[in-house]
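Q: My questions all concern the structure below.
The values are calculated or read from the model by the stated rules, or taken from the named source; none is laboratory data. No experiment lies behind these values; they were computed from the predicted model shown. Ideal geometry is used to build each Cβ from the backbone, glycine not excepted, and the neighbour counts take in all protein chains shown.
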Amino acid sequence: MKKDIHPKYFDQVKVVCVCGHSFYTGSTQEAVSLEICSLCHPFYTGKEKIVDIAGRVEKFKRKEAKIAPKAAVKKQDARRIKKIEKTKKLEKLKLAPSKKIDKR
């Protein structure tokens, strides 16, 4: 293994967030500063807000509301079609003449 190719590793590095929260971890940097940590991130705090300038979220929700009932109808239609095909296959099997094989 080559010597002196790996960066120096610090066992106790203080990580400081903008919100004031700090903790220690290991890193190759002497000090780490964060803009967002788990204590101030909106996803983890439950204060998540969807920023929507162009109305994309509402547009998506409207589209989904239109599509959902159609998808349910399509599923029902697909089930009906499968059921009909299955019964047709069974009818064909019952009506088809049986082939006898001569063993000589």
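Q: Any idea how many residues of region 1-21 are farther than 19 Å from S33 by Cβ and of a type in the set (S, T, N, Q)?
A: Within region 1-21, residues that are farther than 19 Å from S33 by Cβ and of a type in the set (S, T, N, Q) number 0.
Q: Scan region 29-36 and tell me whether some residue there is modelled with pLDDT of 80 or more, part of a loop (DSSP other than H, G, I, E, B), surrounded by 11 or more Cβ atoms within 10 Å (Cβ to Cβ) and not acidic (D, E). Before the answer, list the steps.
A: Going through region 29-36, the residues modelled with pLDDT of 80 or more turn out to be 29-36.
Filter again for part of a loop (DSSP other than H, G, I, E, B), leaving 29-31, 35-36.
Checking the rest, the ones that are also surrounded by 11 or more Cβ atoms within 10 Å (Cβ to Cβ) come to 29, 36.
Next, only the ones that are not acidic (D, E) stay: 29, 36.
Among the residues of region 29-36, at least one is modelled with pLDDT of 80 or more, part of a loop (DSSP other than H, G, I, E, B), surrounded by 11 or more Cβ atoms within 10 Å (Cβ to Cβ) and not acidic (D, E), which makes the answer yes.
Q: Scan region 26-38 and tell me whether some residue there is charged (D, E, K, R) and touching a helix residue (DSSP H, G or I) at 6+ places or on another chain (Cβ under 8 Å).
A: Among the residues of region 26-38, not one is charged (D, E, K, R) and touching a helix residue (DSSP H, G or I) at 6+ places or on another chain (Cβ under 8 Å), which makes the answer no.
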